[in-house]
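Participant: Here it is, the structure in full.
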Amino acid sequence: MACLSLDILSKGKLKEEEESRTQDGSVDFQGRPAIRGKSGNWVAGFIILLNQGLATLAFFGVGVNLVLFLTRVLQQNNADAANNVSKWTGTVYIFSLVGAFLSDSYWGRYKTCAIFQVIFVIGLASLSLSSYLFLIRPKGCGDEQTPCGGHSNMEIGLFYISIYLVALGNGGYQPNIATFGADQFDEEHPREGHSKVAFFSYFYLALNLGELFSNTILVYFEDEGMWALGFWASTASAFLALVLFLGGIPRYRHFRPSGNPFFRFCQVLVSAINKWKIEIPEEEQELYDLDANDCSMNGNRKILHTHGFKFLDRAAFISSRDMDDQRQIHPNPWRLCPITQVEEVKCILRLLPIWLCTIIYSVVFTQMASLFVEQGAAMKITVSNFRIPPASMSSFDILSVAIFIFLYRRVLDPLVSRTRKKGSKGLTELQRMGIGLVIAILAMVSAGIVECYRLKYANSDCLHCEGSSSLSIFWQIPQYAFIGASEVFMYVGQLEFFNAQTPDGLKSFGSALCMTSISLGNYVSSLLVTMVMKISTEDHMAGWIPGNLNRGHLDRFYFLLAALTTVDFLVYIVCAKWYKCIKLESKCGEDEQQQQLQV
């Protein structure tokens, strides 16, 4: 009798332990199945949010005033400095793909974040040290009044090595930290699944709060010529972020890397091409799948078969030759691929049209750091005797982000959930991204209207343009507020969408797609400005965006962007209607109930 009681007690304890484990396949730092109460959730989430805020402060403490450092300290002209900053910024986003690849394929997200954060700290420390010892000479130079002396090739070379180490560290870290934060929540658990969605909003808020501090406090010190102090503050912030991140090791949940996705993609394509003459039957049973006992692929959930891109299904069709190969332990992966592997390729192909539609939005977002600033400089920028730096108006964008994240999470999302059928989770990611595009159109229209009135009160004979219009710079607040609101819907929705719709083995790649859309948005914006100026300056006209904005038509450029975004929105609706969401199978064969995303 006692033995029976012990047996029942043992079975009950085992069942309780199984129920306390996460169901998404995550493991703890020792590689054991993660226990829900002892790992992840908001304890780990808050550590990662603080880490993101401090790291963002450090990065923008360098990036936001880099163009001024190049012109004032290294004595570069405006064109060369702007070109060097563009190259540096583009490199950051290119390195994001490197970090995502290493994370998904070999290192895992924790190790990748830690390594690239160490590189980030080394780059900032090198930049601070080289600036203090070699570049800022005489002491106190680099403000608007005191020019700096010449520098040797070695000193300039050390500076470029430092800032590109910063680019490598931040670029490799950024696409992984957002995904790693989301990993701390089990999406197959109702409460944690809701927290996982909320995490992306708070993550974007932490990013903006870090940027706000660097765009106000650090920018002020650097603008006054205290470059070394600003850089050392960035270094200290990045070091504190690294220590905080490493301190959370016992609480983190991890996912094992899945191997090189490039080879898996190639195997599907090669196998499908080799079988291009084969007629695919309608029955899914004749498609190769993983064994019932092997319910995941490298620790990841299986992806259920979907209709569409039928040509790729040939890679999973079991031919007579494949049946002979199946007698071996493993079939030839270049001849026969499991359906999960085929669906990985389909998922990425379905994501690409949506991703392409986000690039035009990034063109609109880019104007906040360029043409919005130039427009503000040509307006009345003084209140009494206080001068308002035009770039500081981006604070209203960050304030708008904070307000709209609160309104969305606490007001709009619960309201939509109540008005829809029972069990609805409010607006889908695709719907929110569409709303973001609409608000971006309003931002460009608002900027164009403000420019029309700025020109009405401007002095067209002004040579330098700064403060040449009597229209106050505070009239720019609506366009910055619209951009901030659109970010909450577009960029937060984008982070959630790519994280949810990429296979388990490609989550960091999904986050990298968000960063590359911003990068391509910069390049498209530059190309668009070049084309507009070339066309609008024919017949010796000043053009739409001349050096003296009072003689141009910046308003027309804003309205052009509004029109392009409208077209992009219409294309986006078509792509979103066509899109079919990923169909995952829960660990060990339990079907996951997923709703199709619709706009």
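Participant: Given R₀ = 22 Å, what would the calculated FRET efficiency be for L399 paired with E224, taking r from the Cβ atoms and rounding to 0.05?
Facilitator: Calculated transfer efficiency: 0.35.
Participant: Please compute the modelled spin-label separation between F134 and R410, points set 7 Å along Cα→Cβ, answer in nm with one decimal.
Facilitator: 5.1
Participant: Where the accessible area of the chain is counted over protein heavy atoms with a 1.4 Å probe, how much of it, in %, is carbon and sulfur? Don't skip to the end; give the middle numbers.
Facilitator: Numbers: 17750 of 27540 Å².
Of all accessible area on the chain, carbon and sulfur atoms account for 64 percent.
Participant: Please list, ordered by chain and number, the residues whose modelled amide H lies under 5 Å from the amide H of H553; skip anything fewer than 5 residues away on the same chain.
Facilitator: W544, I545
Participant: HN-Hα J couplings of the range 555-570 from phi, Karplus 6.51/-1.76/1.60, θ = phi - 60°, integer Hz, Gly and Pro as x?
Facilitator: Whole-Hz 3J(HN,Hα) from phi for the range 555-570: 4, 5, 5, 4, 5, 4, 5, 4, 5, 5, 5, 5, 4, 4, 4, 5.
Participant: Also: Quick one: how many Å² of T530 are accessible to a 1.4 Å probe, rounded to 10?
Facilitator: About 80 Å², rounded to the nearest 10.
Participant: Label T419 and K38 with points 7 Å out from Cα along Cα→Cβ: what is the distance between them in nm?
Facilitator: Here the answer is 4.7 nm between the modelled labels.
Participant: Continuing with the same structure: Around L584, which amide H atoms from residues at least 5 apart in sequence, or from another chain, sit under 5 Å from its own amide H, with H modelled in the peptide plane?
Facilitator: L304
Participant: Okay, next question. Given Cβ point charges of +1 (Lys, Arg) and -1 (Asp, Glu) and nothing else, what value in debye, to the nearest 20, does the dipole of the chain about its Cα centre take?
Facilitator: 520
Participant: With semi-axes √(5λ) of the Cα gyration tensor in Å in mind, check (i) 47, 29, 24; (ii) 41, 30, 19; (iii) 56, 35, 31 and report the label derived from this structure.
Facilitator: Label (i) holds the value from this structure.
Participant: A 32 angstrom limit on the alpha carbon distance is what I want to check against. Which of K38/K580; K534/K577; K302/K577 exceed it?
Facilitator: K38/K580; K534/K577
Participant: While we're looking at this one, here's another question. May I ask you to order 62-70, 253-261 by the average number of other C-beta atoms within 10 Å around their residues, highest value first?
Facilitator: So the order, starting with the most tightly packed, is 62-70, 253-261.
Participant: Indicate the gyration tensor shape class of the range 120-214 (rounded, prolate or oblate), computed on the Cα atoms with a ≥ b ≥ c the square roots of the eigenvalues: a/c under 1.5 is rounded; otherwise a/b larger than b/c is prolate and the rest oblate. Display every interim value, and only then the final one.
Facilitator: On the way: a/c = 5.56, a/b = 2.70, b/c = 2.06.
Cα axes put the range 120-214 in the prolate bin.
Participant: Related question: Each residue of the range 189-194 in order: what ³J(HN,Hα) in whole Hz does its phi give by Karplus 6.51 cos²θ - 1.76 cosθ + 1.60, θ = phi - 60°, with x for Gly and Pro?
Facilitator: Using θ = phi - 60°, the values come out as 9, x, 6, 5, x, 5 Hz.
Participant: Taking the simple approach of a point 7 Å from Cα along Cα-to-Cβ for both S392 and I273, what is their distance in nm?
Facilitator: Roughly 5.9 nm, to one decimal.
Participant: Sort 396-409, 438-451, 496-509, 152-165 by the packing proxy (mean of other Cβ within 10 Å over each peptide's residues), most packed first.
Facilitator: Answer by packing, highest mean first, reads 496-509, 438-451, 396-409, 152-165.
Participant: Related question: In sequence order, what are the phi-derived ³J(HN,Hα) couplings for the range 445-454 according to the Karplus relation 6.51 cos²θ - 1.76 cosθ + 1.60 with θ = phi - 60°, rounded to whole Hz, with x for glycine and proline?
Facilitator: Listing the rounded values in order: 5, 4, 5, x, 5, 4, 5, 4, 6, 4 Hz.
Participant: Could you calculate the FRET efficiency of H305 with I156 from 1/(1 + (r/R0)^6), where r is the beta carbon distance between them and R0 is 41 Å, rounded to 0.05?
Facilitator: Numbers: r = 57 Å, r/R0 = 1.39.
Efficiency for this residue pair is about 0.10.
Participant: Follow-up. Express in Å², to the nearest 10, the accessible area of E286 obtained by rolling a 1.4 Å probe over the protein heavy atoms while all chains stay in place.
Facilitator: 80
Participant: Looking at the square roots a ≥ b ≥ c of the eigenvalues of the Cα gyration tensor of the range 369-510, which shape do they give, rounded for a/c under 1.5, prolate if a/b is larger than b/c, or oblate?
Facilitator: It is prolate, given that a/c is not under 1.5 and a/b is the larger ratio.
Participant: Identify, among I35, G63, L50, the residue whose Cα sits farthest towards the positive end of the charge dipole of the range 22-126, taking +1 on the Cβ of Lys and Arg and -1 on the Cβ of Asp and Glu, with the dipole about the Cα centre.
Facilitator: I35
Participant: To continue, here is another question. Enter the accessible area per residue of the chain (Å², integer; probe 1.4 Å; all protein chains in place).
Facilitator: Ligands and nucleic acids excluded, the result is 46 Å² per residue.
Participant: Given the options S536, S319, W232, identify the residue whose Cα lies farthest towards the positive end of the charge dipole of the chain (+1 on Cβ of Lys, Arg; -1 on Cβ of Asp, Glu).
Facilitator: W232
Participant: Using only helices, what value at 222 nm comes out for the chain when you add -39,500 (n - 2.57) per DSSP H run of length 4 or more and divide by the total residues, to the nearest 500 deg cm²/dmol?
Facilitator: So the calculated ellipticity at 222 nm is -20500 deg cm²/dmol.
The values are calculated or read from the model by the stated rules, or taken from the named source; none is laboratory data. Please read all numbers here as calculations on a predicted model, not as lab measurements. In this analysis, Cβ positions are derived from the backbone assuming ideal geometry, glycine residues included, and neighbour counts consider all displayed protein chains. Keep in mind that these areas ignore ligands, DNA and RNA; they rest on the heavy atoms of the full protein, side chains included. Shrake-Rupley method; radii C 1.70, N 1.55, O 1.52, S 1.80 Å.
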